[in-house]
Every structure is written in C-alpha cells, then in structure tokens.
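Asks: Supplied in structure tokens, the structure appears directly below.
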Amino acid sequence: MAVTNTDVNQQQGTGNTISVRKNKKEYFTFLQAVLMIILTIAISTGGWYVIGKKFIWTGLDRKRVNEQLEFLQKKVEAEPKNNEYRTALGYTWFLKGENDKAVREFNQVLEVDKNYYDARYNLGLVLADEARFDDALDQFQKCIELAPKDYKGYMQKGIVYRKMKMYKEAVEMLDKATAMIPGKADVIYELGRVLEDMGEKKNAADIYKEALALDPLYKDAAEGLRRVQ
C-alpha cells in the first residue's frame, strides 16, 4: 500500500544526489504504509478486535491514528473503488469512536461487493460495540458462510452471545473456534469470560490460567484471573 513518489525536482548535476533524495522520499512513504498496516492489522487478522475500546490512548497513539485517518482519506479519494483502502478507513473511524462514519464506509464496500469479508467482519464489530447484537450476529454469520474455516467468525458470535446472556450458544460457538485453532489464547480467554458471567469463578480461573500459560503477557486474562480469585 506504499505511496510512490518519484518526483525529484533537481537538475541532474550528480546522479548520486538524485538517487539519495528519491530513496529518502520512498523511505518516508514506506513508513506511512507500515504505520497504516500496524494500526489496521485487525482487518486481516482480527487480532485487535477490542482496540480503541479497551486500549488506553496516549497522545502519540492519537496522533498516529489521526495521521492514518488523513492518509487513508486521501487514498480513498484517489481510489474510491478500492475496497481495501475504504475498509481500512472504516476501521480507523471505529478506532476514533466515530461508529456512524465507520458503518458508512463498510456499507459502501458491501454495496460494491457483498462478499467482502473484511468489511462484514468489521461492520459486525461496530454493531456489537453499539449493542446491536442481532445485527452483529447476522454479520458474523455471513462471515462464517464466506469463510467457514476461519475461527474469527465463530469467536465473535460467541462473544455476542455471551453479551446477550445466551451462554449455551456462546460456548457452542467458542468450542467450534477452539476446534479450528487449538491453543489460541484469545478464544480460551473468551470461554473464561462466559464461565465468569455464569458465576463459575473457579472454572473461569482455570481457563484464565490456561490462557496465560499460552500467552503470559495476555493482560485481559491476567485481569480476569484477578477478578475471580
């Protein structure tokens, strides 16, 4: 996604100088691209599905997200039919708490391609964040239909069911996700959340310990363990 910029406004007195300046420009645009990829990695992996809601923003974080927003707005303006850029822009609006704008971008993508997984997945995240649980379930179910071997759709359905206090359905979905990708700390953690909400604190503690054994730096699991002990 790196923006290319090969314009060098200098007379060709020394070829080496021109090459160095061109490389510097390409280096800075590469950094922009890396920044965007780091902050929008959830689009392709789902790994940061709670970022922006539980994440403690620092001034630098906010600055970077604003830079990312400006960068993506320009990319979408230049390539309005590029679904990847528009989905990334929608997710960035979500990070900023601008859910209406996020939904608008995701829906524009889906008008062009109703089977665009990333837009559906992230739309589901926004709807769940707004407690529009039935709508969120619809989006995650469509994700499952589009990618039946991807655990993320099942995991997210499990999370939504837990929030709806439909614990049996939540466990069913999370068990399916676990079967697809055994040893995934975030899925195991979500099982602990279900048990905790059901009042089974001892069993929840065991699950949180299992998640921490897989990922000792998993802060949510550590916090969950403190809550139930």
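Every number in this text was worked out from the coordinates using simple rules, so none of it is lab data. Quantities reported herein were computed from a predicted structural model and do not represent experimental measurements. Cβ coordinates were reconstructed from backbone atoms using ideal geometry, including for glycine residues, and neighbour counts include every protein chain displayed.
Asks: Which peptide among 85-98, 111-124 comes first, and what is the full order, when sorted by highest mean count of other Cβ atoms within 10 Å?
Replies: The most tightly packed comes first, giving 85-98, 111-124.
Asks: Given that compact globular proteins tend to follow 2.2 N^0.38 Å, what is the ratio of the alpha-carbon Rg of the range 65-179 to that value?
Replies: Relative to the 2.2 N^0.38 Å estimate, the range 65-179 comes out at 1.10.
Asks: Could you tell me what % of all Cα pairs in the range 114-181 have separations over 15 Å?
Replies: I get 44 percent for the Cα pairs in the range 114-181 exceeding 15 Å.
Asks: Take the eigenvalues of the Cα gyration tensor for the range 154-229, scale each by 5, and report the square roots as semi-axes in whole Å, largest first.
Replies: 18, 15, 9
Asks: Follow-up question, since we're still on this one. For the pair Lys163/Ala222, report the inter-label distance in nm, with labels modelled 7 Å from Cα in the Cβ direction.
Replies: In this crude spin-label approximation the distance works out to 2.6 nm.
Asks: Also, quick follow-up: Within the range 115-143, find all residues whose amide N lies under 20 Å from a label point positioned 7 Å from the Cα of Ala179 along Cα-to-beta-carbon.
Replies: 140-143
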